[in-house]
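Only one structure is covered here, and it is reproduced in the block below.
The values are calculated or read from the model by the stated rules, or taken from the named source; none is laboratory data. Since the structure is predicted, the reported quantities are computational estimates derived from the model, not experimental observations. Note that each Cβ is placed from the backbone with ideal geometry, even for glycine, and that neighbours are counted across all protein chains shown. Side chains included, ligands, DNA and RNA excluded: accessible areas come from the protein's heavy atoms. Shrake-Rupley method; radii C 1.70, N 1.55, O 1.52, S 1.80 Å.
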Amino acid sequence: QVQLVESGGGLVQAGGSLRLSCAASGRTVSRYGMGWFRQAPGKEREFVAAIARTGDSTYYADSVKGRFTISRDSTKNTVYLQMNSLKPGDTAVYYCAARDYGGNWYVPSSYNYWGQGTQVTVSS
């Protein structure tokens with residue numbers, strides 16, 4: 001199975017940018033569909049972005065479309081989430097996830113493996 005470790009979170013002002021990284025070990029990320037989710041205090045975990053196992057398809061939540069970009073570097077076995085034009089509403093713990101099989105890209109239950117999360121705080 002794969003182990004996932006997120007990094008790159010922090011405190012940023014509104015309008016700023018951050019790049020989150022999800023380093024995988026144990027298995028190559030190209031074996032999995034990979035996703036990013038986030039969870040704000042008192043709210044359910046929500047889908048942010050995903051990239052197919054083949055790397056040729058990406059999916060985004062409407063709330064981040066045009067601002068966030070998911071990508072994958074198989075040579076580094078790492079998935080990235082580039083976040084631009086950040087808003088206070090983007091504040092949350094961001095989680096990287098991997099899934100073995102198909103299903104709905106947008107729901108957490110479709111993913112088998114999870115990282116521990118990284119905090120992103122956007123100040124106004």
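At-a-glance table
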read-out	value
Label-to-label distance, nm, for residues given as ALA23 and GLN116 (7 Å Cα→Cβ offset)	1.2
Rounded accessible area of ARG53 (nearest 10 Å², 1.4 Å probe)	130
Calculated FRET efficiency for the pair SER30/SER123, C-beta based, R₀ 30 Å, to 0.05	0.25
J(HN,Hα) series, segment 101-106, from Karplus relation 6.51 cos²θ - 1.76 cosθ + 1.60, nearest Hz, glycine and proline x	10, x, x, 6, 4, 8
Charge sum, other residues only, whose C-beta stays under 11 Å from GLN82's C-beta, Lys/Arg counted +1 and Asp/Glu -1	+2
Amide hydrogen neighbours beyond the local backbone of ARG72, cut-off 5 Å, H modeled	TYR80
ASP56 accessible area, 1.4 Å probe, all protein chains in place, Å² to nearest 10	120
